[in-house]
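Contents: one structure, followed by commentary.
Read the figures in this text as sums done on the coordinates, not as results from a lab. Since the model is a prediction, treat every value here as computed from it, not as a measurement. When we count neighbours, we look across all protein chains shown, and the Cβ atoms used for this are built from the backbone with ideal geometry, even at glycine.
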Amino acid sequence: MCGIVGAVAERDVSAILLEGLRRLEYRGYDSAGLAVRGDEGVLHRHRAVGKVGALEDAQAARPHHGVLGIAHTRWATHGAPTEANAHPHVARDEVAIVHNGIIENHEPLRRQLTAAGYRFDSETDTEAVVNAVHERLEAGDDLLTATRSVIARLDGAYALGVISRHDPDRLIAARRGSPLVVGVGIGEHFIASDVAALLPVTRDFIYLEEGDVAELTREGVRILNAAGEPVERPVRTTELTADAAERGAFRHFMAKEIHEQPRAVAETLEGRIAEDRVLPEALGPEATRILGEAQRIQIVACGTSYHAGLVARYWFEAIAGLPCDVEVASEFRYRRHVVPRDTVFVTLSQSGETADTLAALREAWTMGYLATLAICNVPESSLVRESDLVMMTRAGPEIGVASTKAFTTQLTALLLTVIATGRMHGLEAAEEARLVTALRSLPRQMEDVLALEPAIEAMSEQFVDKHHSLFLGRGTQYPIAMEGALKLKEISYIHAEAYPAGELKHGPLALVDAEMPVVTVAPKDDLVEKLKSNLQEVRARGGRLHVFADAAAAPAADADCQVITLPPVDEAVAPLLYTVPLQLLAYHVAVLKGTDVDQPRNLAKSVTVE
């Protein structure tokens, strides 16, 4: 993994490939490369370790041009980030491939091909694929047949782009377990991992389905399904525009996306609430029946989405009266399960292509769940297409690797789902009206919190020389503390961990001293007095507190306790509001430390392999 772009056109595609890679930088990567078929029938290739800028420099120094080409940003899985391991991989100067995913049986393939006389120049699983395709071409197959023959032998996940020096007007694409879209133009067609890569050249897309193989020429697109049968996939016009992925006046995408949250939350609410109630139809035509029959909720997610699920567990049990379990998708997949009767299986993913979450959903089909529900930001994603019910978030493109607006819009969508479910299970109309009113007020309250940014920026200066930090919360704020700790470690590389404040005496107090900042979220709720007692334990041991609190619940500020007060907020939506200052704190610490805020090391935006 991580990003693919390909094109066949009547014009030089090298600039299109480079711009596409630049627009995929948010996914995280460690090397980049491109290959084009020149007019003289030769495959030309550039590869570079590091950013796309290094690849652009190589292209500027020694330009390669052609009307057919593929390009890739790689996030290392097999082999270190080196030029030799970077994509595209080429077999005997005749066929080139880019690949996202992991080929699990690459080692036996490599042994077979080595015995057949093929040389391997990299440590990657992908090189086995390109050599296998070349072997089939040597046996007389055309490029499409050769690719289909090879993928039939592959175990694992892949999205592939394949070109040959002998085929000046043919680009082959295939997907299984890793996303790939086809961009439709006039006299030109494209492939990419994400529509964002191709917005400068088209807004019309075909979303390849699991097992599809596509043959692209200048004249058109032909698609075969997993059984090898010709199929028609709909062409969809995206509402995204090319400037949706630009920073504007902001220094970083993350800053822009933090400030976009009031609008994103408002748009996620749009059309889902009417007067004093939530419209369950927003989840799909079967939502009323399924939510009414539900007796239990199982949530599965990864990373930031997992934290959203942990908040939702409190909501489902307190508001809807249904027991709720939450599990990390990568753990869920690999243990035996007892599925209680009438359980709804809920998946959360920003991209809808998170490999572990998608695999858990597919496993859930066979396990006897009542129905599946996806909460996702990408309407054309695999997760959305393969679920019974869907609640779309409306975060818009999120480029920064550290998720911000995707998280708060997931929480918004989850709370809407909880309220709709609660109505089927005895939630009183007056309580529903109170919750809807709180949701309506949230975008304005978020604007008020964003106005506190100068004070939060000043607070961030006290973290720059620290190596560890502790985040505390109680109730629904404990998962928010977990999310705050994740944001800080993701982009500033400061070790941070979160604890329920009541657990301080069970270990974490041993770490507390003047060099361990303790960050606390303290809205006014039923647990705030107990939380304030926990904070006294920190102060008694010389700890430095940094508290985000409701003015009515805030502890006394002094030299060892810095307090930033937030506007009063309904307890139900407090997790969304108290997320924002933690995002701003992490952002400004990272800026002061000089880290790569939008593309933190070793991380990818969309984790499409295990």
Using packing as a proxy for protection, rank 379-392, 398-411, 307-320 so that the peptide with the highest average count of other Cβ atoms within 10 Å comes first.
398-411, 307-320, 379-392
Between 0 and 90 degrees, rounded to the nearest ten: what's the tilt of helix 52-61 against the longest Cα principal axis of the chain?
30 degrees
Nearest-ten-degree value, helix 14-23 long axis tilted from longest Cα axis of the chain
20 degrees
Give the separation of the Cα centroids, region 1-69 to region 417-439, in Å.
52 Å
Got a sec? Charge dipole of the chain, +1 on Cβ for Lys and Arg, -1 for Asp and Glu; which of PRO555, GLY248, THR126 is way out at the positive end?
PRO555
Using Cβ counts within 10 Å as a stand-in for footprinting exposure, how do HIS99, HIS546, HIS87 rank, fewest first?
HIS546, HIS99, HIS87
Region 156-301, dipole about Cα centre (Lys/Arg Cβ +1, Asp/Glu Cβ -1), debye to the nearest 20:
400 debye
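Given R₀ = 45 Å, FRET efficiency for ALA318-ARG247 by Cβ-Cβ distance, to 0.05?
Numbers: r = 39 Å, r/R0 = 0.87.
Once the sixth-power term is evaluated, E becomes 0.70.
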Using the Karplus equation 6.51 cos²θ - 1.76 cosθ + 1.60 (θ = phi - 60°), what ³J(HN,Hα) coupling, rounded to whole Hz, does each residue of region 466-473 give in order, writing x for Gly and Pro?
8, 10, 9, 8, 10, 10, 10, x
Taking Lys and Arg as +1 and Asp and Glu as -1, residues besides VAL418 with C-beta under 12 Å from its C-beta add up to -1
Please get the size of the charge dipole for region 1-57, origin at its Cα centre, with Cβ charges of +1 on Lys and Arg and -1 on Asp and Glu, quoted in debye to the nearest 20.
240 debye
Greater than 23 Å apart at Cα, pairs in LYS524/LYS593; LYS256/LYS466; LYS405/LYS466; LYS256/LYS487:
LYS524/LYS593; LYS256/LYS466; LYS405/LYS466
Quick one: if you stick a label point 7 Å off each Cα along the C-beta vector at GLN462 and THR145, how many nm between them?
7.2 nm
Of 282-288, 577-583, ordering from highest average Cβ density within 10 Å down gives 577-583, 282-288
What's the exposure ranking of ASP342, ASP93, ASP194, going from fewest to most Cβ atoms within 10 Å?
ASP93, ASP342, ASP194
List the residues, sorted by chain then number, that are 5 or more residues from HIS78 or on another chain and whose placed amide H is less than 5 Å from its amide H.
ASP125
Taking alpha-carbon centroids only, region 232-265 lies from region 364-378 a number of Å equal to 27 Å
Among THR354, PHE332, GLY6, which residue has its Cα positioned farthest towards the positive end of the charge dipole of the chain, with +1 placed on the Cβ of Lys and Arg, -1 on the Cβ of Asp and Glu, and the dipole taken about the Cα centre?
PHE332
Whole-Hz couplings from phi, Karplus 6.51/-1.76/1.60, listed for region 364-369; x for Gly and Pro
4, 4, 8, 9, x, 6
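Given Cα pairs under 8 Å that are at least 6 residues apart, what percent is the relative contact order of the chain? Numbers along the way, then the final one.
Numbers: 1397 pairs, mean separation 74.5, N = 610.
Contact order relative to length: 12 percent.
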Separation of region 125-195 and region 447-488 by C-alpha centroid, Å?
45 Å
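Counting each DSSP H run of 4 or more residues in the chain as -39500 (n - 2.57), what helix-only mean residue ellipticity at 222 nm follows after dividing by all residues, to the nearest 500 deg cm²/dmol?
Working: 18 runs with 204 residues, N = 610.
Calculated from helices alone, the mean residue ellipticity at 222 nm is -10000 deg cm²/dmol.
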GLU83-HIS506 pseudo-label distance in nm [points 7 Å out on the Cα-to-Cβ vector]
5.4 nm
What is the packing order of peptides 464-472, 297-305, 15-23, 331-339, taking the mean over residues of other C-beta atoms within 10 Å and listing the highest first?
297-305, 15-23, 464-472, 331-339
To the nearest 10 degrees, the tilt of helix 405-424 (Cα long axis) against the first principal axis of the alpha carbons of the chain is 70 degrees
Can you give the charge dipole size of the chain about its Cα centre, rounded to the nearest 20 debye, using +1 on the beta carbon of Lys and Arg and -1 on the beta carbon of Asp and Glu?
560 debye
Charge dipole of the chain built from unit charges on the beta carbon (Lys, Arg +1; Asp, Glu -1), centred at mean Cα; most positive-end Cα among VAL49, VAL221, ALA498 is ALA498
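How would LYS487, LYS593 line up from fewest to most surrounding beta-carbon atoms within 10 angstrom?
Working: LYS487 27, LYS593 16.
By the 10 Å Cβ count, ascending: LYS593, LYS487.
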